[in-house]
2 protein chains.
Amino acid sequence: MSATRMQFLSPRNARLLSRGRDALLAGGGGGGGGAGGPRVRSLTSPPLSSSSPGRALSSLSATRRGLPQEKMSENGMVSRAKVLTIDTMNPTVKKVEYAVRGPIVQRAVELERELSEGMKKPFAEVIKANIGDAHAMGQQPITFFRQVLALCSYPELLNDSTFPEDAKSRAHRILQSCGGNSMGSYSASQGIDSVRQDVARYIERRDGGVPCDPDDIYLTTGASDGIVTMLKLLVCGEGAARTGVMISIPQYPLYSAALAELGAVQINYYLNEETCWSLDISELQRALDEARQYCNPRALCIINPGNPTGQVQSRECIEDVIRFAAKERLFLMADEVYQDNVYAEGCQFHSFKKVLFEMGPEYSNTVELASFHSTSKCYMGECGFRGGYMEIINMDDEVKAQLTKLVSVRLCPPVPGQALMDLVVNPPQPGEPSYDSFIKERTATLSALAQKAKLTEQVLNTVQGISCNPVQGAMYSFPRITIPEKAIKEATDKGQQPDMFYCMKMLEETGICLVPGSGFGQKDGTYHFRMTILPPNDKLQILLNKVKEFHQRFAQQYS
Amino acid sequence: MSATRMQFLSPRNARLLSRGRDALLAGGGGGGGGAGGPRVRSLTSPPLSSSSPGRALSSLSATRRGLPQEKMSENGMVSRAKVLTIDTMNPTVKKVEYAVRGPIVQRAVELERELSEGMKKPFAEVIKANIGDAHAMGQQPITFFRQVLALCSYPELLNDSTFPEDAKSRAHRILQSCGGNSMGSYSASQGIDSVRQDVARYIERRDGGVPCDPDDIYLTTGASDGIVTMLKLLVCGEGAARTGVMISIPQYPLYSAALAELGAVQINYYLNEETCWSLDISELQRALDEARQYCNPRALCIINPGNPTGQVQSRECIEDVIRFAAKERLFLMADEVYQDNVYAEGCQFHSFKKVLFEMGPEYSNTVELASFHSTSKCYMGECGFRGGYMEIINMDDEVKAQLTKLVSVRLCPPVPGQALMDLVVNPPQPGEPSYDSFIKERTATLSALAQKAKLTEQVLNTVQGISCNPVQGAMYSFPRITIPEKAIKEATDKGQQPDMFYCMKMLEETGICLVPGSGFGQKDGTYHFRMTILPPNDKLQILLNKVKEFHQRFAQQYS
């Protein structure tokens, strides 16, 4: 905060004034504030004058609704209560939580700053294993992709003989599809036509020829954007008719955050940790039947391969889920951003789209499905470009028109991300100059990930009090940890979740930043953390050993 | 839509089934559908069986709430009613309108396709003058910006001696701030630290030394993203306590679209066309006083330079607005994306931030302000990269923490857009190798725009029945057009707005795509269109002549 602004009024004072104003307003019968919920808090706050008797504040104006609330502070300056306070802001935003970038990450950033300022710590480096951020962990981008992006950014390079011809032809094709041949133009709101065509052909190849219509493809700003947009369409009703959305627990917290913001009802179904985080239809049924008591369940979200749990769903399971969705009339949302990240023997990625179509027209003509993909994960790990797409199956035509209208308000997804998505779905082909190096780079990344998945599982399972399911896919382990009763008590006394207490302690002692399981949801009385497997092999080894030592120390300390 | 999916059920049938199902549900007393509003429509629809007596549809299952609604169609296939229909989707999304990419643009795209398929038209080319899309209109990107982006995309190029040293040093600095030195990493959700620092220094230079704290800067996905995020924070309350937001009429339809989606109340204040679209405080007061009868006005949005109206606000006017916001306790939102686009003599851009701080601590310590900027407009016109920032002044600390949390859910703005924003706020400096060419390119673009602004005003004002205010700034003219009574009647008979009728006719006859004034809002009984001034000079001349001829023809036809 700038010095000038702080000169006369500290944020704390501003806050106090704001609280005081609300209390005055409440007393005066005005309706200046927000919704019912937050007002309760204001009503119980005493007016500022009585809570801060030492302050000589006087109201310069009437407190009737709408008139400014001006106050004279000690130094004689006029100050006004804030329009926007925690009590008068959007109450649904307050309910949003996003653990992957929550308090523990904020503390990690602080620690990094303290280290850089020379403060002494029991570690030399903070390792942020909280998020699937491949390049930040040293993974190298695919050369071909970056060559094409450079060519698209600065088309002068099309004359540079050091760039391979296939990179140039891809760049040429992308630029031809951009207004004025520039990535600086807006694209169509649904995404560049030729990119959507390439996505459709990719899906057809991936799904063994199941047809895909480019008109069903919407390019997005990362997968998150598509998921939030789809949820937004689905939300309606009030009270017991409010839209409910089924999400797995543990879940990726984008879902809970979006549902909170949209005011929809989150319906939890629990994955079965004992059977490698499998999805059981009986659990879906239980969750649905209970939810029907208090909301209108309309959608079922699946993450496959799983985040944070790393399981890969069998074809049979996907069929069962589709039958369930059809029987119970649920809109299916399949988050398939880790579709190339499958490591375990015997596991294979099956897209919901493919399985749906192979189940025959009874399902393929009726079950509504949105599936999501992204440039951020798999072998490319290009998170920063915010590229992605969604495919929409069996959506009502009128709703689709509304979707197209809705995305047009934000004009278009970032064009460099669209270009990158195009390269992911249309990489170098056999015979093209960049093919060999592309395959080599992709294979190296994916097999390194497979090794790291195995290593993570193995090392964690050597620790007493940690038990880790196989990381069949995706980019994370989500081991279960035993937290001693004494530690649970200490955490509870501090008002902290026990696994948050555990992870905070680990961060302070080792510099390792993990996300507590409570941020993703877990069965009551169980504790976990999510750790990405992305660090380079040597660093991952060190990290796992540190986790091991910490856990042993922690267990001993609280035994 | 793919052939496979269409095999058994046409969209129309699906829709009919959907309607039918709702009617059945309504009859069965279930609460399967949406909010109050849309249900009314369902309740009045007769059940499908009676409305389509020719179809042999039978319900295979009970119609009690939640159970699947399966029907046997003529060919014996089972089909299910859609989960998500126009009647059961989010009702606030349905209220969203966005004229800049509305039906007229969809028709323009269709016409382009028809032309490319060899269909005969009275024109050879569709000219999309509906949107401020500079590169699509042939404007060239700034060489330096694109060089740095290419370097950041493919850092191998840092070894290429043909790139200037200042481009390399900028790229190096940006990459240093990225995790793993890659634009493929997520940035901090608020944006890359060093970019926010550069933005803060830019604002300080722009505002003659008024201090700016990088912590008050949030990088965004274009300005739209920031505006929607801020509005989202402000919305709360129900009924007469619902948040109201004041927007200018004519307005940029992002505002009305976002307010509709958020369920906030749109409060219109009218700009004064007679005095070059000036903003009169008495009109603000009128709009506010009326709005207080039915909502809780909390924010005031200003677009300066104006979109679609092109006016540039005087310093005095901005002071008055700030005093008004302070007196009436309104959160100020200043959309300043056209800050470099000022053409008219005697006009100058004054930022709200600067004026606020020059008004002294009584205002600078209290008035809450968010201001927005973007990479999409000015001399760079890089819309496709979706870069932008917002500066937040005097925001309550707790609310700011909520804002930071909220933006973290979407992870981060696109990193290439952040990089581009960095270049805009930190362009080549005197003495650096790229300085001269940068200044030359920027000046050429801005002076061409100034000429085109003048040309547009002059030519349009030669047409009887068109009157055009000076285009003082931004990228659009918004002339008033006289529409004869006979044409108004014909439009009304067709259920069309008269200016939509006019613009559609112009599109069909000339290939010119403009946006009708009704998409931005205008005083009752007045008609306008928005036309961008961006086409290259020769094309603009042709376009203006075509508009002139069309208008004369139209006036004669309906006289």
Which numbered condition A:R298 fails, given (1) basic (K, R); (2) within 11 Å of chain B (Cβ to nearest Cβ); (3) open to solvent by 10 Å² or more (accessible area, probe 1.4 Å): (3)
Considering residues of the range B:377-409 that are more than 8 Å from chain A (Cβ to nearest Cβ) and of a type in the set (S, T, Y) only, the residue surrounded by the most Cβ atoms within 10 Å (Cβ to Cβ): B:Y389
Qualifying residue in the range A:256-273 (condition: over 18 Å from A:I322 (Cβ atoms), of a type in the set (V, I, T), open to solvent by 10 Å² or more (accessible area, probe 1.4 Å) and touching a strand residue (DSSP E or B) at 6+ places or on another chain (Cβ under 6 Å)): yes
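Keeping to the range B:350-376, report how many residues are out of contact with any helix residue (DSSP H, G or I) (no Cβ under 9 Å at 6 or more places or on another chain) and closer than 17 Å to B:R206 by Cα.
Step one: filter the range B:350-376 for residues out of contact with any helix residue (DSSP H, G or I) (no Cβ under 9 Å at 6 or more places or on another chain), giving B:360.
When the remaining residues are screened for being closer than 17 Å to B:R206 by Cα, the result is none.
Number of matching residues: 0.
State whether one or more residues within the range B:374-386 are under 30 Å from A:T88 (Cα atoms) and either of a type outside the set (A, V, I, L, M, F, W, C) or touching an Asp or Glu at 6+ places or on another chain (Cβ under 7 Å) (or both). Show your work before the answer.
Of the residues in the range B:374-386, the ones under 30 Å from A:T88 (Cα atoms) are B:374.
Okay, now just the ones that are also either of a type outside the set (A, V, I, L, M, F, W, C) or touching an Asp or Glu at 6+ places or on another chain (Cβ under 7 Å) (or both), so B:374.
Yes: one or more hits.
Within the range A:104-140, work out how many residues are farther than 22 Å from B:S177 by Cα and within 11 Å of chain B (Cβ to nearest Cβ). Talk me through it step by step, then tell me what you get.
Looking only at the range A:104-140, we keep the residues that are farther than 22 Å from B:S177 by Cα, and these are A:120-123.
Filter again for within 11 Å of chain B (Cβ to nearest Cβ), leaving none.
The qualifying residues number 0.
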In the range A:352-393, the residues that are within 18 Å of the chain's Cα centre (by Cα) and charged (D, E, K, R): A:K377, A:E382, A:R386
Test: residue in the range A:450-469 that is open to solvent by 30 Å² or more (accessible area, probe 1.4 Å), among the charged types (D, E, K, R) and without any contact (Cβ under 8 Å) to a residue 60 or more places away in the chain: yes
Identity of the residue in the range B:207-225, out of contact with any His (no Cβ under 9 Å at 6 or more places or on another chain) and part of a helix (DSSP H, G or I), that ends up farthest from B:M395 (Cα to Cα): B:G222
Filter result (facing another protein chain (nearest Cβ under 10 Å), closer than 23 Å to B:G387 by Cα and either in contact with a helix residue (DSSP H, G or I) (Cβ under 6 Å, 6 or more places away or on another chain) or not in a helix (DSSP H, G or I) (or both)) within the range B:234-260: B:P253, B:L254, B:A258
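Any idea which of B:Y154, B:Y186 is without any contact (Cβ under 8 Å) to a residue 12 or more places away in the chain, within 30 Å of A:I127 (Cβ to Cβ), touching a Leu at 6+ places or on another chain (Cβ under 9 Å) and within 10 Å of chain A (Cβ to nearest Cβ)?
B:Y154
Within the range B:527-540, which residues are surrounded by 15 or more Cβ atoms within 10 Å (Cβ to Cβ) and not in a strand (DSSP E or B)?
Listed by number, the residues that qualify are B:I533, B:L534, B:P535, B:K539, B:L540.
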Selection count where residues are farther than 18 Å from A:V228 by Cα and without any contact (Cβ under 8 Å) to a residue 60 or more places away in the chain, scope the range B:212-244: 13
Count of residues meeting criterion [within 11 Å of another protein chain (Cβ to nearest Cβ) and either aromatic (F, W, Y) or touching a Pro at 6+ places or on another chain (Cβ under 9 Å) (or both)] in the range A:157-170: 2
Hits in the range B:261-278 (condition: assigned to a loop (DSSP other than H, G, I, E, B) and under 18 Å from B:R480 (Cβ atoms)): B:L271, B:C276, B:W277
Members of the range B:180-201 that are surrounded by fewer than 22 Cβ atoms within 10 Å (Cβ to Cβ), in contact with a Cys (Cβ under 9 Å, 6 or more places away or on another chain) and of a type in the set (S, T, Y): B:S189
Tally, over the range A:414-455, of residues that are within 23 Å of the chain's Cα centre (by Cα) and charged (D, E, K, R): 2
Unique residue being farther than 30 Å from A:G239 by Cα and either part of a strand (DSSP E or B) or in contact (Cβ under 8 Å) with a residue 40 or more places away in the chain (or both) when the list is A:G346, A:G306: A:G306
Inter-residue pairs, beta-carbon under 6 Å, first at pLDDT below 95 and in the range B:267-281, second open to solvent by 60 Å² or more (accessible area, probe 1.4 Å) and assigned to a helix (DSSP H, G or I), 6+ apart: none
Given (1) touching a helix residue (DSSP H, G or I) at 6+ places or on another chain (Cβ under 8 Å); (2) surrounded by fewer than 24 Cβ atoms within 10 Å (Cβ to Cβ); (3) among the polar types (S, T, N, Q), index of the condition A:N341 fails: (2)
Conditions (1) open to solvent by less than 20 Å² (accessible area, probe 1.4 Å); (2) out of contact with any Lys or Arg (no Cβ under 9 Å at 6 or more places or on another chain); number of the one not met by A:K327: (1)
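Considering each residue of the range B:353-376, count those that are more than 30 Å from A:R386 (Cβ to Cβ), away from every other protein chain (no Cβ under 11 Å) and either open to solvent by less than 10 Å² (accessible area, probe 1.4 Å) or touching a strand residue (DSSP E or B) at 6+ places or on another chain (Cβ under 6 Å) (or both), and give that number. Reasoning before the result, please.
Narrowing the range B:353-376 to residues more than 30 Å from A:R386 (Cβ to Cβ): B:354-367.
Among the residues that remain, those that are also away from every other protein chain (no Cβ under 11 Å) are: B:354-355, B:358-359.
Right, trim to either open to solvent by less than 10 Å² (accessible area, probe 1.4 Å) or touching a strand residue (DSSP E or B) at 6+ places or on another chain (Cβ under 6 Å) (or both) and you get B:355.
Number of matching residues: 1.
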Out of A:G138, A:G180, sole residue that is out of contact with any Pro (no Cβ under 7 Å at 6 or more places or on another chain) and at positive phi: A:G180
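From the list B:E125, B:E117, which one is in the same structural domain as B:T532 (by TED's automatic domain parsing), over 23 Å from B:K539 (Cα atoms) and either surrounded by fewer than 24 Cβ atoms within 10 Å (Cβ to Cβ) or more than 29 Å from the chain's Cα centre (by Cα) (or both)?
Numbers: B:E125 fails: over 23 Å from B:K539 (Cα atoms).
The unique qualifying residue is B:E117.
The values are calculated or read from the model by the stated rules, or taken from the named source; none is laboratory data. All figures in this text were calculated on a predicted structure; none of them were measured in a lab. Every residue, glycine among them, receives a Cβ derived from its backbone with ideal geometry; neighbour counts consider all protein chains shown. Only protein heavy atoms, including side chains, enter the accessible area calculation; ligands, DNA and RNA are left aside. Shrake-Rupley method; radii C 1.70, N 1.55, O 1.52, S 1.80 Å.
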